[in-house]
Amino acid sequence: MKKILIATMLMSGIFLYGISEAVPTKLVIRAKSKDAKFVGTSMGGALITVKDNKTGKVLAKGLTSGSTGNTGKIMIEPKTRFGTISDGAAKFETSIDISEPALITIEVDAPLSTKPSMIKSSTQLWLIPGKDITGEGIIIEIPGFSVVARAPEKISMTGSKAVIPFQSRIVMI
């Protein structure tokens, strides 16, 4: 009985010691427009904020950078369960030091190039010390459109009616 008690105490001590040290945990986060491509540098990127859900403390913050991705892979080829669509697409990479599993909140604000069109999306997940989330990473979908309106250079009058030329550019985020 004494041997079992000692073995249990040793195992408990090893287990607790193993999770008490902070471990760098890599994280890749991508922002993808709903039914479209990734939010890359051409759209001003996406602002990524990673927070500890319990304390609200910001653990990491930065911008996605890179291309909008491969159109064929994203928009044309059929999706498979373990297939990838993000080859070379914009991403935000970080490493977070955690000593125990942490529930995190990831917020994405995009696109940064057209602030009036900016949408906030978020998700939550458990981050486990030393269990990197890389490769495809976490893909957060951003719904909506980027709208850029151009003010007219001239307004002309025809009798009592004003003619106001108006231009806009509307694209999926």
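Taken together, the values in this text are just the output of simple stated rules run on the coordinates, not laboratory data. The shown structure was predicted, so the numbers you read here are calculated from the model rather than taken from an experiment. As a convention, Cβ positions derive from the backbone with ideal geometry for all residues, glycine included, and neighbour counts pool all protein chains shown.
For Ser146, the residues whose modelled amide H falls within less than 5 Å of its own, excluding neighbours fewer than 5 places apart on the same chain, are Val171, Met172, Ile173. Taking other residues whose beta carbon is less than 10 angstrom from the beta carbon of Ile74, and scoring Lys, Arg as +1 and Asp, Glu as -1, yields +1.
Calculated from the structure at hand, Kirkwood radius over Cα pairs in Å is found among (i) 19.1; (ii) 16.0; (iii) 17.1 as (i).
A protection proxy built from the mean count of other Cβ atoms within 10 Å ranks the segments 39-51, 150-162, 96-108, 78-90, most packed first, as 39-51, 96-108, 78-90, 150-162.
For Ser122 and Ser99, FRET efficiency with R0 = 25 Å and r from the beta-carbon atoms, rounded to 0.05? For Ser99 and Ser122, the calculated efficiency is 0.55. Taking a ≥ b ≥ c as the square roots of the Cα gyration tensor eigenvalues, with a/c under 1.5 meaning rounded and otherwise prolate when a/b beats b/c, else oblate, which class fits region 59-102? It is oblate, given that a/c is not under 1.5 and a/b is not larger than b/c. Using a simple spin-label model with pseudo-atoms 7 Å out from Cα toward Cβ, Glu141 and Arg169 lie 2.7 nm apart. Helix 2-20 and the long axis of the chain differ in direction by around 30°, with both axes built from C-alpha atoms.
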